[in-house]
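Have a look at the structure below before the remarks.
None of the figures in this text is laboratory data; all of them are computed from the coordinates on show. All of these numbers come straight from a predicted model, not from anything done at the bench. For neighbour counting, all protein chains shown are included, and Cβ atoms are generated from backbone atoms with ideal geometry for every residue, glycine included.
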Amino acid sequence: MSRSLLTAADRSTLAPNWNVQQWFNADDGLSLQQLRGRVVVLHAFQMLCPGCVSHGVPQAARIRETFSPERVAVVGLHSVFEHHAAMTPIALEAFLHEYRVTFPVGVDTPGTDTTTPVTMATYRFRGTPTLVLIDAVGRLRAHLFGRAEDLIVGAAVATLVSEADRGSAEISFHPADATGCTTGACSA
């Protein structure tokens, strides 16, 4: 069963800014404004989420290896909504080292309710892993909770790169096999 992650309204929605308290693998941090002109693949994860560790983080790394960094920016967002005491920035630094994560990773700013981080709430993430695709002009184009196959995600990223080359920005992202929390995702 195929379903679109986008509606007509999504194609005109600018991606909200991130609210990050600390960056790893990025000396000065990153903003969406700095990344304009490139397709942005934002991967929200938690280091203790099995679906993130087995699929999401490795997928983000493969995307970074596959596409030119001048064309596609891969950014991780550590959005902690559970096990707060265990998932500190110090523990995240060790995780990133052990899993050889080299793409930039921001630590989502904790929310005032202490359970939902600020960027997670702003983007309305349902949990982790969550994949967000932002086109070269800064528009939110896909928002996926759970797992999507590499081929489907790669095709969507390649289409966004092609659109940027043409100065266009229309895409339909239909991951027929994208799944939610029952197969490798942790719900908020």
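Working from label points 7 Å from Cα in the Cα-to-Cβ sense, the Gln34 to Glu70 distance is 2.0 nm. Expressed as a whole number of Å, what is the distance separating the alpha-carbon centroids of the range 58-119 and the range 10-51? Measuring centre to centre over Cα atoms gives 9 Å. Taking the number of Cβ atoms within 10 Å of each Cβ as an exposure proxy, the fewest-first ranking of Ile90, Ile152 is Ile90, Ile152. Looking at the range 76-160, the chymotrypsin sites (Phe, Trp or Tyr not before Pro) that sit in a DSSP loop and have at most 14 other Cβ atoms within 10 Å of their own Cβ are Tyr99. Counting every other Cβ atom within 10 Å of each residue's Cβ, Val137, Val105 order from fewest to most as Val137, Val105.
Classify the range 64-129 as rounded, prolate or oblate from the Cα gyration tensor: take a ≥ b ≥ c as the square roots of its eigenvalues, call it rounded if a/c is under 1.5, otherwise prolate when a/b beats b/c and oblate if not. Cα axes put the range 64-129 in the oblate bin.
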